[in-house]
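Let me begin by presenting the structure, written as structure tokens, before commenting on it.
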Amino acid sequence: MPHLLRFSRDLEARLERLSRQTGLSKAALIERCVNDGVAALEAQLLLETAGAARAERSIDQLLRESGLGA
């Protein structure tokens, strides 16, 4: 699924330079950046939602669920 992306001149120059240095296409570099960024975002959001779910339960509820509470 093709997308049109617009980058600043600075970023475009950095991608071009990195492409020449590595021999990888700019498309491959961009795809790698997006993939790494999405993986990091998924991990961050997973931690945030896990923390929110824990915060919604009271200590009494946690004790009951664990079998330690009354």
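The values are calculated or read from the model by the stated rules, or taken from the named source; none is laboratory data. None of these values were measured; they are calculated from a predicted model. A quick note on method: Cβ atoms are made from the backbone with ideal geometry, for glycine too, and the neighbour counts reach across all protein chains shown. For accessibility, only protein heavy atoms count, side chains too; no ligands or nucleic acids. Shrake-Rupley method; radii C 1.70, N 1.55, O 1.52, S 1.80 Å.
Identify the residue in segment 31-56 that is farther than 24 Å from His3 by Cβ and open to solvent by 90 Å² or more (accessible area, probe 1.4 Å) and, among all such residues, is modelled with the highest pLDDT. It would help to see each step written out before you state the result.
From segment 31-56, those farther than 24 Å from His3 by Cβ are 46-56; that's our starting set.
Restricting the remaining residues to those that are open to solvent by 90 Å² or more (accessible area, probe 1.4 Å) gives 46-48, 54, 56.
On the way: Leu46: 87, Leu47: 84, Glu48: 82, Arg54: 63, Glu56: 68.
Residue satisfying both the conditions and the ranking: Leu46.
So which residues in segment 1-53 are touching a Ser or Thr at 6+ places or on another chain (Cβ under 7 Å) and not in a loop (DSSP other than H, G, I, E, B), if there are any at all?
Quick first cut of segment 1-53, residues touching a Ser or Thr at 6+ places or on another chain (Cβ under 7 Å) only: 19, 25-26, 29.
Matches in segment 1-53: Ser19, Lys26, Leu29.
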